Structure formats: structure tokens, C-alpha cells
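Worksheet: one structure, shown below.
The values are calculated or read from the model by the stated rules, or taken from the named source; none is laboratory data. Treat the numbers as computed from the prediction; the structure is a model and nothing was measured. Neighbour counts run over all protein chains shown; Cβ positions are idealised from the backbone, glycine included. Quick note on the areas: whole protein, heavy atoms, side chains included, nothing else; ligands and nucleic acids left out. Shrake-Rupley method; radii C 1.70, N 1.55, O 1.52, S 1.80 Å.
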Amino acid sequence: QTIGAPSPANKEGYGQTAFSPLGDKMVRYYPDNDIRLYEFDRSTGYFTDYSTFQLNVGNTIAFDGGCAFSPSGQYLYIAALTNIYQFDMTAADISATQTTVATWDGFVDPIAIAFWHCQLGPDCKIYSVGGGDTRYYHIIHNPDEQGLACNVEQRGLVLPTPSGASIPYFPNYRLGPIDNPGLPCSPIVATQQPAVEVPVCSVWPNPASEQLHFALSEGNIKRIVLTDAYGRVVHDLYLSGEGDNYTLALGNVPGGVYFWVLEGRNGAKHAGKVVVQK
């Protein structure tokens, strides 16, 4: 299919292409003053319409950059190196809605950490790489909010090592059929602290030297058996009391690998390995 204006030869290889979360629109940002907008029919695989709207970057440097749609598809973000712009894609005059939502703060490490390629994440936030071989991603925390309420955090994600000049691109796995398009992303909301599982049986320290501690979170300890690597019994203890913990002295136990078995009074058995260091 051939549709729309040809790409400018001096801009080929720059900028970014992005589909809307519902798959009905595609934007190509080269970058230049014209942003190309394509309507897409998912059922046929053809583009059905083509138009452009204007981006005004003034006197700023914008030889590269990227673009991404908000989760609802209402807002389009253009990252043009020194600025991030927001457009309302539902407006009759899209160009008139251009709003600057972030301006590069001058941070350098070792190059300018500006605004480059973008992608909508599975957590409903938009991430923008900070440039080639840097450790920083910028985050648009609330991309479906208008204007500055979208909350752009510069260098909100710091990687442990530098990444390349691009960004990994993923399909919209959450997009369902046309009659049930699903959700483009899932906001992460922490409602409560996750439960921490307490081990039924705990044996510590490992490696051990002078003492080895045994504990049961359920029931009382009945028997502890410690054997060496050859299966020879080093300790075989029956505990007469009703305790849920016991400390075994290792003063006469040579260094090496040992295996322990702990039996509770409820009949449950637990086993493991410990290293004794001398």
C-alpha cells in the first residue's frame, strides 16, 4: 500500500513510529514540522486515511526524538530532544493543542540526557530513553492527564549499566479482538503489603562453626539426627521437653559437609545440609 507523503530523505532513520493502544491510528515522527497521522483498519490490515498536523519547536534543537500514545489514545507525546510536547488527538485542530509538558533541565552524564525514543509500558506509564549509551529513562507517570498533570519525571528510572541508543519495543500483548479490545495496560496499585511466608523449619547458621540452631514454627521438636557425608551418625538426639527450638553444640564435630533430619512431635520430618567450618 502507498499512502501519504513520501518520507523526507534527510530524515530517514530518525524519529519513531508508534501505533495507538487500540491499534486504530499510527503516527510517524521523522522529525520535522509535519507529523504524519494514519488511520488503520485492523480487520483488513490497510491504512484508510492520511493527514498531517504541525509541530512547532521554535528555535530549539530537534534533529531526533520519539513518540508514544497515552493508554486511552487521547494524548500523543512527541519527545523532541529538549522538550516533550503533548497533543490532544480528539481535538478538531490537533496542532492547536500542542503543550510543552517537559523541558530538558541541562543534566549531562557524560552527554546531554535529553528526550529520545518512547514507549508505553505495561504499567500505563510512558518511558523515554535519555540518549545513546546512557543509564537514564524519563517517565511520564500519568500520560492520560492533560498538560503538566501528566507528571514528567526526568531520569525517573536509572539503570545499573548504560543502554544503547534505542529502546526495546514490545507488541501490545493486551490488545484483544475488535469487539473486545481489552486493556492497553494495567496500573499497578499496591493495596496491602504482601504476605511473608515463615519457613516451618529453620536451621542456622550455614556455614556453622561452634553451634547449630534448630527451630520449628509449627509444633515441637522430637528428634534431631546429624550424619556426616558417609552416612555415619554424629548426633542422634531425642528431646524430652516440649520446645520449638534447640541449639546443638559442634565443639567435637570436625569440619565438613553434614546432613540433618529434624522430626516434630506431630510426625512431620524436615531435612537439609549444613557445612561445618573449623
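How many residues does the stretch 61-84 hold that are open to solvent by 10 Å² or more (accessible area, probe 1.4 Å) and more than 11 Å from P31 (Cβ to Cβ)?
Qualifying residue count for the region: 7.
Output the number of the condition that G256 fails; it satisfies all remaining conditions of (1) at positive phi; (2) in contact with a Pro (Cβ under 7 Å, 6 or more places away or on another chain).
(2)
Could you give me the residue pairs with C-beta distances under 7 Å whose first residue belongs to the stretch 265-278 and is in contact (Cβ under 8 Å) with a residue 12 or more places away in the chain, whose second residue is exposed (fewer than 12 other Cβ atoms within 10 Å of the Cβ) and part of a strand (DSSP E or B) wherever it lies, and which are 6+ apart or on separate chains?
K273/V257; V275/V257
Looking only at the stretch 132-147, filter to residues that are surrounded by 19 or more Cβ atoms within 10 Å (Cβ to Cβ) and in contact with a helix residue (DSSP H, G or I) (Cβ under 7 Å, 6 or more places away or on another chain); which one of those is farthest from L159 (Cα to Cα)?
P143
Being under 19 Å from the mean Cα position of the chain (by Cα), surrounded by fewer than 22 Cβ atoms within 10 Å (Cβ to Cβ) and over 17 Å from F19 (Cβ atoms), is that true of even one residue in the stretch 114-123?
yes
Here is a list of conditions, (1) among the hydrophobic types (A, V, I, L, M, F, W, C); (2) under 21 Å from C150 (Cα atoms); (3) not in a strand (DSSP E or B), and F63 meets all of them except one; can you say which number that is?
(2)
Within the stretch 1-32, count every residue that is open to solvent by less than 40 Å² (accessible area, probe 1.4 Å), part of a loop (DSSP other than H, G, I, E, B), out of contact with any Ser or Thr (no Cβ under 8 Å at 6 or more places or on another chain) and within 24 Å of I126 (Cβ to Cβ).
Summing the residues that are open to solvent by less than 40 Å² (accessible area, probe 1.4 Å), part of a loop (DSSP other than H, G, I, E, B), out of contact with any Ser or Thr (no Cβ under 8 Å at 6 or more places or on another chain) and within 24 Å of I126 (Cβ to Cβ) in the stretch 1-32 gives 4.
Just give me the residues in the stretch 212-230 being modelled with pLDDT of 90 or more and of a type in the set (D, E), in sequence order.
Residues of the stretch 212-230 modelled with pLDDT of 90 or more: 212-215, 221-228.
Scanning the stretch 212-230 gives a single hit, D228.
Would you point out which residue out of S51, S7, S20 is without any contact (Cβ under 8 Å) to a residue 40 or more places away in the chain, among the small types (G, A, S) and under 17 Å from D88 (Cα atoms)?
S51
Step by step: first the residues of the stretch 229-278, then only those that are farther than 16 Å from P205 by Cα and in contact with a Cys (Cβ under 9 Å, 6 or more places away or on another chain), then the one that is least open to solvent (accessible area, probe 1.4 Å). Which residue is that?
If we take residues in the stretch 229-278 being farther than 16 Å from P205 by Cα and in contact with a Cys (Cβ under 9 Å, 6 or more places away or on another chain), then G264 is least open to solvent (accessible area, probe 1.4 Å).
Scan the stretch 44-51 and tell me whether some residue there is within 21 Å of Y137 (Cβ to Cβ), assigned to a loop (DSSP other than H, G, I, E, B) and open to solvent by 30 Å² or more (accessible area, probe 1.4 Å).
Within the stretch 44-51, not a single residue is within 21 Å of Y137 (Cβ to Cβ), assigned to a loop (DSSP other than H, G, I, E, B) and open to solvent by 30 Å² or more (accessible area, probe 1.4 Å).
Looking at (1) open to solvent by 50 Å² or more (accessible area, probe 1.4 Å); (2) modelled with pLDDT under 90; (3) within 26 Å of P184 (Cα to Cα), which is the one condition that is false for I167?
The one condition I167 does not meet is (1).
Given the condition closer than 18 Å to F69 by Cα, surrounded by fewer than 15 Cβ atoms within 10 Å (Cβ to Cβ) and touching a residue at least 12 places away in the same chain (Cβ under 8 Å), answer yes or no: does some residue in the stretch 152-163 qualify? Break it down into steps so the answer makes sense when it comes.
Residues of the stretch 152-163 that are closer than 18 Å to F69 by Cα, as a first pass: 152-153.
Applying the additional criterion that residues be surrounded by fewer than 15 Cβ atoms within 10 Å (Cβ to Cβ) yields 153.
Next, only the ones that are touching a residue at least 12 places away in the same chain (Cβ under 8 Å) stay: 153.
Within the stretch 152-163 (the criterion being closer than 18 Å to F69 by Cα, surrounded by fewer than 15 Cβ atoms within 10 Å (Cβ to Cβ) and touching a residue at least 12 places away in the same chain (Cβ under 8 Å)), the answer is yes, since at least one residue qualifies.
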